[in-house]
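Derivation of every value follows stated rules applied to the coordinates shown; laboratory data play no part. Since the structure is predicted, the reported quantities are computational estimates derived from the model, not experimental observations. Every residue, glycine as well, gets a Cβ built from its backbone with ideal geometry; the counts of neighbours run over all protein chains shown.
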Amino acid sequence: MVRFFVQNFFDPTLRPCYHLVRMYHHQEIETKWQKRWEEAGLFHAKDQSDLPKFYALIEFPYPSGAGLHIGHPRSYTALDVIARKRRMEGYNVLYPIGWDAFGLPTENYAIKNKRKPQDVTTENIATFKHQLQMLGLSFDWSREINTTDPAYYKWTQWMFLQFYKAGLAYKAKMAINWCPACKIGLANEEVVNGCCERCGGKVEKREKEQWMIAITKYADRLLADLENVNYLPKIKKQQEHWIGRSEGAEVMFQVDGREEKITVFTTRPDTLFGATYVVLAPEHPLVSTIVSESQKAVVTKYVALAKQKSDLDRADEEKEKTGVETGVFAINPVNNEKIPIWIADYVMMGYGTGAIMAVPAHDDRDFAFAKKYELPIIEVVRSELNTQACWCGDGVVMNSGFLDGFSTAKAKEKITTWLTNKQLGKSSVQYKLRDWVFSRQRYWGEPIPLVHCEKCGWVPIPEQELPLILPDVEKYEPTDTGESPLASMEDWVNTICPTCGASAKRETDTMPNWAGSSWYFLRYIDPHNDQAFADFAKLKYWMPVDLYNGGMEHTNLHLLYSRFWNKFLCDQGHVPVSEPYLRRYSHGLIMAEDGHKMSKSKGNVVNPDEIVVEYGADALRMYILFMGPFEEPVPWSKNGLVGVRRFLEKADRYVQDWIEHPEARQDLGKIVEPYLKRVNEDIEGFHFNTAVATFMELMNRLLEKDSKGKMMFVGEKQLQKILCMLCPFAPHLANELWERLGEKGFVEEQTWPTIEEALLVQDTIEMAVQVNGKVRATIRLSPNAIEEEAMVAAFTEGNVQKYLEGKEVRKVIYIQGKILNIVVG
RNA sequence: GCCGGGAUGGCGGAAUUGGUAUACGCGUUGGACUCAAAAUCCAAUGAUGGCAACGUCGUGAGGGUUCGACUCCCUCUCCCGGCACCA
């Protein structure tokens with residue numbers, strides 16, 4: 001090993017390593033160990049094992065053309081640390097990786113550059129794989145999967161057919177969010193502030209027949225089962241919010257002088273006496289039937305106008321609410337009052353029943369509307385606060401006949417019972433969650449394996465014919481007609497009905513890219529199985545995922561979809577557990593050095609592979625862990641990286657000096673052990689930043705000279721322990737140093753060190769002495785010292801005496817091992 | 001508007017259960033080594049007063065609880081993330 005090596009300006013494969021001269025040769029070391037790990041198959045999970053299992057999962061990357069982002073390794077490195085630790089702790093660890101490769105960016109790139117998406121994907125994966133492998137992550141590459149591989153999407157299609165057969169996949173004509181730029185229908189979840197999540201362009205409404213999956217059927221379980229999992233609290237909250245359960249009641253209003261009844265949903269049935277009008281959403285089916293002759297023209301115009309508006313326009317609260325009268329009245333069932341029926345676009349067809357009872361005295365929106373159109377406002381809840389505007393909180397019911405004097409909660413109960421008994425309503429639970437729009441009019445996705453026959457309707461293609469291969473087409477460009485590019489492939493589209501043999505047409509829409517990622521964690525368990533998506537016994541051994549980490553941007557949709565998907569498969573008997581992820585964690589974004597998000601256009605992107613070449617994978621890994629709290633966003637800093645690199649060099653040098661000075665070794669267990677204890681705890685608590693800081697502190701401590709001015713070299717056992725615990729963070733260097741110590745095999749094959757409690761007991765500790773809460777001195781004493789001993793020690797301190805002089809000691813607070821506070825008056 | 005999370009030196013950030021605020025890293029300053037530079041090593045580094053011992057102030061703002069508050073409570077300001085006419 002060349003310890004003092006001068007920058008090599010001659011070898012073109014070695015980029016000069018900034019300003020370091022005395023350094024360890026990271027490139028040589030890292031390639032060497034990566035090769036050895038690979039040859040030994042060290043990180044392959046075992047299918048048959050008596051060991052306890054540990055399944056660590058990271059969100060598999062989308063192999064974009066931009067290459068690996070520095071944010072990717074943040075997640076991968078953190079879980080790598082845990083995976084490596086678990087292996088050393090004796091677990092059979094599954095830490096897999098794959099590619100979520102269907103999707104728009106690749107398709108768009110392919111269109112622009114006139115290439116096949118398949119080819120682009122293959123290239124991108126190769127780049128990503130190469131970049132990832134430089135990092136020395138302990139992935140089990142033998143289980144690599146790719147959602148665009150027919151052997152994989154065969155099972156995505158198979159699962160879609162299971163949804164279809166179970167009646168959970170259905171086709172519905174509906175107004176969809178249409179992105180004119182991407183020429184694609186978007187799920188509600190993909191529309192952000194009325195704009196396309198992908199391109200940022202404004203979204204329009206279009207009528208389109210779409211495949212839907214009835215995720216709403218699982219809303220209650222998706223919510224309730226959050227009880228049984230360990231997610232970061234904010235993630236749980238997001239899931240809860242997205243599912244959006246509200247309890248309330250449905251109330252039936254008879255339309256005056258007509259057959260029709262209007263059912264409304266309300267969370268405040270207690271305010272029924274205060275309802276002064278009813279509102280229908282413009283899309284409500286009753287709109288066309290009940291409107292009076294005189295109002296027909298006005299209503300038709302209003303409804304047409306509302307249709308044109310995007311959701312963004314409609315949702316814009318700044319804008320004034322609008323509406324039109326129907327000229328017809330409804331009967332309030334509780335007091336038989338006639339109240340007008342209005343149509344207004346502040347009521348959404350997609351939630352509840354698409355109709356509301358308006359209680360302007362106790363709902364902000366109804367209040368604003370009533371003010372504008374001069375509708376009556378009847379107060380029925382007395383609030384504790386004397387508000388002039390409308391009061392939306394709880395209180396005591398008034399002006400409400402038999403409900404008077406009851407609390408809001410009690411009144412809700414009473415009125416709901418009353419409505420139920422009179423068959424005028426019932427209690428009801430509504431969810432914000434809506435069914436999943438599962439069709440995309442694009443090429444680069446899984447073909448939906450259904451055939452439409454004039455006679456038989458929609459027919460699944462036989463399972464043995466799966467996968468239904470995505471055919472090569474001439475043009476990938478999406479069409480403005482709303483048809484998938486597949487629709488122009490007549491050879492492919494025209495087929496025969498599997499049931500009756502008549503000519504039939506294939507579905508030309510493809511699946512959204514959420515599909516493949518909704519079940520990938522199952523495929524890792526048995527990635528090469530061609531008889532089933534995974535063997536049940538293997539699923540039983542490995543599931544659920546013990547630890548799942550990814551970005552906060554996927555804690556709404558992907559998490560919900562995949563939980564739902566897994567639950568469905570579980571109900572069908574294909575998966576043994578109902579909840580796929582035992583524990584879910586999330587990392588924060590890595591921002592650019594300037595504090596902004598990294599983006600190509602800003603030119604502030606950091607390329608991981610360049611950092612690896614220049615500073616080494618170990619330095620990059622450790623720096624990514626060191627930069628800040630794992631769940632929080634942190635700015636990238638090259639200076640910080642240099643600090644970590646210096647630490648690694650110090651470690652390298654320390655071990656080298658240690659080898660050369662066997663005579664200077666001594667038992668420093670009492671010094672070393674507390675640091676190791678902290679590292680151990682920090683890893684388990686996801687405090688990787690302080691774990692790295694602890695290693696640095698330990699190193700600094702060991703580099704201090706002892707009282708005789710000599711280097712402090714730890715004993716052999718202690719050094720081995722340190723290297724074992726360093727291994728998950730800097731695996732290449734740890735193994736290299738391990739080998740230099742003359743040890744055989746890999747550090748990864750060692751047992752994770754146990755912390756010896758006896759070594760944690762300190763002989764003396766430093767304690768602060770306060771007088772009236774202000775620190776005046778520090779004393780050294782035994783951690784078990786009693787108050788009297790502490791007082792004696794304190795009184796020897798001149799500074800303490802100074803503050804006690806002439807004062808009466810009123811009180812002494814002594815917390816053993818923590819503080820001595822003398823209160824004087 | 002609602003929900004969640006924050007605010008600590010020049011910078012990124014530590015601080016266990018309320019117990020010496022600023023660990024660790026970066027930067028800066030001074031010194032050693034060198035013809036010189038880089039690297040490395042040593043020292044200093046919250047503000048302020050003092051030759052020093054030491055003092056005063058100090059964790060977004062204001063108040064409170066406590067022997068003692070970055071930590072708990074109340075009020076407010078600002079920032080970040082999520083949701084949003086969901087009845």
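Go through A:K208/A:K505; A:K202/A:K432; A:K85/A:K670 and tell me which ones have a Cα-Cα distance over 20 Å in this structure.
Working: A:K208/A:K505 18 Å; A:K202/A:K432 23 Å; A:K85/A:K670 23 Å.
Pairs exceeding the cut-off: A:K202/A:K432; A:K85/A:K670.
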Q) Under 20 Å from the Cα of A:K600, which lysines turn up, not counting those fewer than eight places away in the same chain? A) A:K112, A:K638
Q: Could you point to the residue in A:G742, A:T694, A:I755 farthest towards the positive end of chain A's charge dipole, with +1 and -1 charges on the Cβ of Lys/Arg and Asp/Glu respectively?
A: A:T694
Q. Could you list, bin by bin from short to long, the percent of Cα-Cα pairs of segment A:46-198 in 5 Å steps?
A. 2, 8, 13, 14, 16, 16, 14, 9, 5, 3, 1, 0
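Rg to Rh ratio, segment A:759-823, alpha-carbon atoms and Kirkwood radius? Write down the numbers at each step before the final one.
Details: Rg = 11.6 Å, Rh = 11.9 Å.
That ratio is 0.98, to two decimals.
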Q.
At R0 = 56 Å, how high is the FRET efficiency between A:T778 and A:E593 if r is their beta carbon distance? Nearest 0.05 is fine.
A. 0.90
Q | Contour excess over end-to-end distance, with Cα ends at A:D47 and A:E454 and 0.36 nm allotted per residue | A | 141.7 nm
**Q.** Peptides A:604-611, A:129-136, A:755-762 ordered by average Cβ neighbours within 10 Å, highest first
**A.** A:129-136, A:604-611, A:755-762
Q: Determine the principal axes of the Cα atoms in segment A:474-520, then give the extent along each, sorted from largest to smallest and rounded to whole angstroms.
A: 35, 29, 18
Q: Determine the distance separating the Cα centre of segment A:263-281 from the Cα centre of segment A:200-237; give it in Å without decimals.
A: 27 Å
Q. Using θ = phi - 60° and the Karplus curve 6.51 cos²θ - 1.76 cosθ + 1.60, what whole-Hz ³J(HN,Hα) does each residue of segment A:461-471 get, with Gly and Pro shown as x?
A. 6, x, 4, 5, 8, 6, x, 7, 5, 5, x
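Take peptides A:29-36, A:149-156 and line them up by average Cβ neighbours within 10 Å, highest first, as a rough protection proxy. Can you show the working numbers first?
Working: A:29-36: 17.0, A:149-156: 20.1.
Output ranking for A:29-36, A:149-156: A:149-156, A:29-36.
Calculate the FRET efficiency for A:A40 and A:R665 from the Cβ-Cβ distance with a Förster distance of 30 Å, rounded to the nearest 0.05.
Working: r = 31 Å, r/R0 = 1.03.
It comes out at approximately 0.45.
Lys pairs in segment A:689-803, Cα-Cα under 22 Å, at least 8 apart or on separate chains: how many?
Values: A:K705/A:K717; A:K705/A:K721; A:K717/A:K744; A:K721/A:K744; A:K774/A:K802.
Going through segment A:689-803 pair by pair, I get 5.
Over all directions, average the projected area of the Cα convex hull of segment A:692-808 and note it in nm².
Its average projected convex-hull area is 10.8 nm².
Taking a 27 Å limit on the Cα-Cα distance, which of the listed pairs A:K171/A:K301; A:K165/A:K475; A:K171/A:K309 fall beyond it? Display every interim value, and only then the final one.
Details: A:K171/A:K301 30 Å; A:K165/A:K475 33 Å; A:K171/A:K309 25 Å.
The answer is A:K171/A:K301; A:K165/A:K475.
Give me the dipole magnitude in Debye, nearest 20, for chain A about the Cα centre, with unit charges on the beta carbon: positive for Lys and Arg, negative for Asp and Glu. Mind dumping the intermediate values first?
Working: 99 positive and 111 negative charges, 153 e Å.
The calculated dipole for chain A is roughly 740 debye.
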Q: Could you list which residues have their amide H under 5 Å from that of A:I262, counting only those 5 or more apart in sequence or on another chain, with H placed in the peptide plane?
A: A:F253, A:Q254, A:V255
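Taking Cα pairs under 8 Å and at least six residues apart, what relative contact order does segment A:704-748 come out at, in percent? Before the final figure, lay out the partial values.
On the way: 27 pairs, mean separation 11.9, N = 45.
Relative contact order, segment A:704-748: 26 percent.
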Q. What is the packing order of peptides A:295-301, A:85-91, taking the mean over residues of other C-beta atoms within 10 Å and listing the highest first?
A. A:85-91, A:295-301
Q: Taking H placed 1.01 Å from N in the peptide plane, check which residues at least 5 places from A:I765 or on another chain put their amide H under 5 Å from its amide H.
A: A:L781, A:S782
Q | Where labels lie 7 Å past Cα in the beta-carbon direction, separation of A:D657 and A:A151 in nm | A | 5.3 nm
Q: Give me the distance between the Cα centres of segment A:522-541 and segment A:605-647, rounded to whole Å.
A: 37 Å
Q. Stokes-Einstein D for segment A:604-659 at 25 °C, 0.890 mPa s, Kirkwood Rh over Cα pairs, in µm²/s?
A. 201 µm²/s
Q.
Give the lysines reachable from A:K540 as a straight Cα distance under 21 Å; neighbours fewer than 8 places away on the same chain don't count.
A. A:K46, A:K53, A:K567
Q) What Rg and what Dmax come out for segment A:330-474 when only alpha-carbon atoms are used, in angstroms? A) 24.9, 73
Q | Residue-wise HN-Hα coupling along segment A:252-267, computed from phi with Karplus coefficients 6.51, -1.76, 1.60 (Hz; x: Gly, Pro) | A | 9, 10, 6, 6, 4, x, 9, 6, 5, 10, 10, 9, 10, 10, 9, 8
Q: Only Cα pairs under 8 Å and at least 6 apart count here; give the relative contact order of segment A:679-825 as a rounded whole percent.
A: 14 percent
**Q.** Residues of segment A:440-459 with amide N under 19 Å of the 7 Å Cα→Cβ point at A:V473
**A.** A:440-452
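For A:V792 and A:E89, what does the FRET efficiency come to when R0 = 41 Å and r is the distance between their Cβ atoms, rounded to the nearest 0.05? List each step's numbers first, then the result.
Numbers: r = 46 Å, r/R0 = 1.12.
Efficiency, from the Cβ-Cβ distance: 0.35.
Given N residues in segment A:107-261, what is Rg(Cα) / (2.2 N^0.38 Å)? Spell out each step's value before the answer.
Details: Rg = 22.0 Å, N = 155, 2.2 N^0.38 = 15.0 Å.
In units of the 2.2 N^0.38 Å rule of thumb, it is 1.47.
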Q | Per-residue ³J(HN,Hα) for segment A:124-139, Karplus 6.51 cos²θ - 1.76 cosθ + 1.60, θ = phi - 60°, Hz, x for Gly and Pro | A | 4, 4, 4, 4, 4, 4, 4, 5, 5, 5, 5, 8, x, 7, 8, 5
Q. Just the Cα atoms of segment A:435-518, one point each, no solvent: what log10 I(q)/I(0) does Debye give at q = 0.13, 0.20, 0.22 Å⁻¹?
A. -0.41, -0.95, -1.11
Q | Value of relative contact order over chain A, rounded to a whole percent, pairs C-alpha under 8 Å and six or more apart | A | 13 percent
Q: Inverting the mean 1/r over all pairs of different Cα atoms, compute the Kirkwood radius of chain A and quote it in Å.
A: 31.9 Å
Q.
Can you give me the long-range amide H partners of A:V606? Hydrogens built in the peptide plane at 1.01 Å from N, cutoff under 5 Å, separation of 5 or more residues or another chain.
A. A:I70
**Q.** Label-point separation in nm, A:D571 to A:T499, each point 7 Å along Cα→Cβ
**A.** 2.2 nm
